[in-house]
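In what follows, a structure is listed as C-alpha cells, so that the remarks can point back to it.
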Amino acid sequence: MQGTKKMGISTRGLASDQQAIDFRKKHLNHEMEKKQKNVDEGTKVMFRKAYEKLCQGGDLSKDNLRKLFSNLEDQAFEDVYCLFDWDNDGSVDVQEFVLTMSLLATPATSLGAEQDLIFAIFDVDGSGTIDREEFGKMMRATLRCKMTHLDFCMKTEDRKETFRRHLEGEYSTETLDFYNCVQEYRDLYDSLFDDEIGEATNDLNDLATTIYKDFIVEGSKKEVNIPGKLRKEIEAIMSKVDTSEGEAGREGEGEEKVSELIPADIFNKAQQEIYQLMNRDTFERFKNNDTLMDNMLAQLFDEVDVDHNGSITVAEYKVWANKNPELTNFLKDLHETTFVGVTKAAGLEKRKQRRISEARLTRGSYGSIRGLKFEGVERTGKKSVTVSGIEGGTTQLREGMIVVDLFQLAQQGIG
C-alpha cells in the first residue's frame, strides 16, 4: 500500500530508546488491541488521509505533526510525540500514525486505560515508574488543562494552604476564608439530626451571624465581592432574626431569647459566586506561580509515593488517580483537540461541522432530552439520533454539556 513507507520524522533524543518502546507496547497492549477492533474503518480512513496531507508529498515533519496539537504546551507535545515511533527506527509510518491517533484522538475504553495511557505518556524513559521530574510534567499539564478547576486544590488541607499563600500575595485571603467558613457552617448543619437542630439553633445562628458580620456586611474588614442584589437578599433574611451575639445578647429580664433558625443555605449562592471568582481569576494566576506550583507538586508527589522511595509505580499512581479523577482531564482535552486537529488535517472539517450542526438542529441548542446519557448513540435517520438513557424523567441540558455530547456524536459519524 502506498504511503506506508517510513517518513523522516526523527524521534531520536526524545526517550524513544528500546526500553521506552518495549514498556509502552506492554503497558498499552490491551488498549491497542481494543482500539484496533473498535475504531471504525471510516475513522481509520480519516487518519490515513490526514497522514498523507501532513506529509505534503514528502516527509512527515515534526512541525506539521505539531499542528495537530496546537493547544499543547511544548513540553507536553514532546512527551506525546514520543508515542508515535513504535518500532524505534526514528521515523513514523502510516500504520504507526493510525495506531497512535486511535489512542489519542478517540476516548479510552475504560478509566484504567486512560490512566495507563497518561502514565505511558509521561514515563518518558520507559522505566515503569515516574520520578519527580516526570511527575511534575504530568501534573503541570493536568493543572493547566482548561478542564481542571479549583476543586483539585480544595481536597486536602496542604493543598488549601499552598493556594492560600498565593492569595496572601494578592491580599485576597478573605475569599478562601469565606468559602471555608460557609463550608463549616453547612457541614455542622448537615451533621445534626432533625431533632437536634432545634436545640442547636443558637449555636448555628451564632456561626451564621459571625459569617454575616465578617464577610457580608458592607465595610467589614473581610468583606467579599458579591453582587449587590445577592448581598441585599442575605441582609433581608438576617434582618428577620435575632443577630445579637453571645449569652448576653440572648438574655433579657431573666428569660432567654431564642432566634428563628437561620436557613442552612443562606450563604450558598454567595459561596458559589466566590468560588467562581477564585476559579476564574485567582486559580488561573496561581497556575503560573512557579514557586508555589513547585511546592504543590512536591506535596502531591509525596501523596502518591506512599512507600517514599522517590518514584511512583503504576499501582501507586492508579490508587491515587482513583481518588483524584481530575487527572484524566489532560487526556480528555487531548482526545478532543487531537480529533479536531486530525479532522481538519484530513480535509473533513466542513463535513464534521455540518454533522454537528445537524445534531444541533435535531436536539436543539437548549432544552432537554428524555433520559439523556452520553453513551449508546445510534443512528436512526439522516438527521436524527437516539440516545440510550438513564431510566425515567427528563434531563435538562446546559450549553457546556451539549458541546461535549456533540463532540462524541461527531466522532461516531452521526448526521
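The values are calculated or read from the model by the stated rules, or taken from the named source; none is laboratory data. Computed from a predicted structure; not experimentally measured. Backbone-built Cβ (ideal geometry, glycine too); neighbour counts: all protein chains shown. Just so you know, the surface numbers come from the protein's heavy atoms only, side chains and all, with ligands and any DNA or RNA stripped out. Shrake-Rupley method; radii C 1.70, N 1.55, O 1.52, S 1.80 Å.
Worth pointing out:
- Segment Lys269..Gln183, full-extension length gain: 29.7 nm, with 0.36 nm per residue of separation and the alpha-carbon distance subtracted.
- Among the GluC sites (Glu not before Pro) within the stretch 155-205, those in coil by DSSP and having at most 15 neighbouring Cβ atoms inside 10 Å are Glu170, Glu199.
- Solvent-accessible surface (1.4 angstrom probe) belonging to Met293, in square angstrom, nearest 10: 0
- Checking the Cα-Cα distances for Lys53/Lys287; Lys67/Lys269; Lys269/Lys344; Lys35/Lys160; Lys221/Lys332; Lys26/Lys323 against a 31 Å cut-off, the pairs over it are Lys53/Lys287; Lys67/Lys269; Lys269/Lys344; Lys35/Lys160; Lys221/Lys332.
- Å² of accessible area per residue within the stretch 174-243, as computed with a 1.4 Å probe and no ligands counted: 55
- Taking 0.36 nm per residue of sequence separation and removing the Cα-Cα distance, the Ala315/Val45 pair yields an extension gain of 93.6 nm.
- Surface composition of the stretch 87-158: carbon and sulfur make up 51 percent of the accessible area, probe 1.4 Å.
- Estimated at the nearest 10 Å², the accessible area of Ser239 is 90 Å² with a 1.4 Å probe.
- Order by protection proxy (mean Cβ within 10 Å, highest first), peptides 215-228, 269-282: 269-282, 215-228
- Approximate spin-label separation Asp190-Asn64, in nm, with each point projected 7 Å along Cα-to-Cβ: 5.4
- Of the trypsin sites (Lys or Arg not before Pro) in the stretch 130-210, those whose Cβ has at most 13 other Cβ within 10 Å and which sit in DSSP loop: Lys146, Lys155
- Cα gyration tensor category, rounded, prolate or oblate, for the stretch 287-340 with a/c compared to 1.5: oblate
- Residues in the stretch 309-339 reached by a label modelled at His30 [backbone nitrogen below 15 Å; 7 Å Cα→Cβ]: 314-316, 318-319
- Model label zone, Arg144; criterion: amide N under 17 Å from point 7 Å along Cα-to-beta-carbon; scope the stretch 286-303: 286-298
- Taking amide H atoms as placed 1.01 Å from N in the peptide plane, the amide H of Val92 lies under 5 Å from those of Met7, Ile9, each 5 or more residues away in sequence or on another chain.
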